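> The structure follows.
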Amino acid sequence: MRHALALVAALAPLLALPQPAADPELVAPQVTVAVRKHSMGADLVSVAMVSADYPPELLRAQCERVGQATGSPVRGLEVRLEGPREGLRIVRASFATDGLIDRLEGELRLEPLVRAFLGAPAPHTVTSFLVLFPGEQPVEGKTLQDYRSDVVSLKARAVASPPGIECRIVVGTQDPALLTIPSRFVPDEGTRVERGTPPGPNPVLVGLLVLAGLAAGALVYSLLVRSSGRRHRSGR
């Protein structure tokens, strides 16, 4: 029994490892972010949380982290409840910052937006995002395309009407330091996601199954040894 418990305890570190991110097209977003370029150059950001009980102060702190990451402190930050009545309300925030959209280079900086929401305690942990860039169009060979790493899966597409770019993102970590999203398309940085390509086996799941099997074997062995000992003592 001690061997079985020791092996089961060994599963805990594996459960704490980052998990491969799911297909973002199959996961409902928990937060929607819209970034629009103002005529004066600022980036206007609007954030809407799906959960109506999302703490406003937590959302405020996360929005401020976006400004810290861009190097342009947020301006005009407002956090509010919107909706006709309880049960139909959403928590929304709006603010201005700089450096999220670079039209000349065709760059969209998603990393500051996603990192800002990581690390929130349950039940307010966020793993899925929908980020919209109304009015923006991709620049061939520059604007970020579908992207996948060990801890993030991203699919971006141009929308014709109304024009813009839609990015769906799922993360497999809550550690901002582990998350990297390039601001532009770089072929040899990360792996291009080909639609219809099945994902490979989950190494963490394989490890869990192997250790679980070992634990079960150890438990059966322990029970057999005890049973044999009882038979010898009874003279059978």
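Bear in mind these aren't lab numbers, they're just calculated from the coordinates by the rules spelled out. Keep in mind that this is a model prediction, so the values were computed, not measured. Cβ placement follows ideal geometry from the backbone for every residue including glycine, while neighbour counts extend to all protein chains displayed.
> In whole Å, what three semi-axes, largest first, describe the equivalent ellipsoid of region 96-147 built from its Cα gyration tensor (square root of 5 times each eigenvalue)?
One finds semi-axes of 26, 12, 9 Å for region 96-147.
> Then there is this: Per residue of region 103-114, in order, report the coupling 6.51 cos²θ - 1.76 cosθ + 1.60 (Karplus, θ = phi - 60°) as ³J(HN,Hα) in whole Hz, putting x for Gly and Pro.
5, 4, 9, x, 9, 10, 8, 8, 4, x, 5, 6
> Test of the criteria: in region 71-171, which trypsin sites (Lys or Arg not before Pro) are in a DSSP loop and have at most 10 other Cβ atoms within 10 angstrom of their Cβ?
Passing both the DSSP loop test and the Cβ count: Arg85.
> What GluC sites (Glu not before Pro) does region 54-141 have in DSSP loop regions with at most 11 other beta carbons within 10 Å?
Sparse-neighbourhood loop GluC sites (Glu not before Pro): Glu86, Glu140.
> Applying 1/(1 + (r/R0)^6) with R0 = 25 Å to the Cβ-Cβ distance of Ala158 and Asp102, what FRET efficiency is obtained, to the nearest 0.05?
0.90
> Run the simple label-point estimate for Val139 and Arg80 please: 7 Å along Cα→C-beta, distance reported in nm.
3.5
> Let me ask something else about it. Count the net charge of all other residues whose Cβ sits under 11 Å from the Cβ of Arg36, scoring Lys and Arg as +1 and Asp and Glu as -1.
Combined, the nearby Lys, Arg, Asp and Glu give -1.
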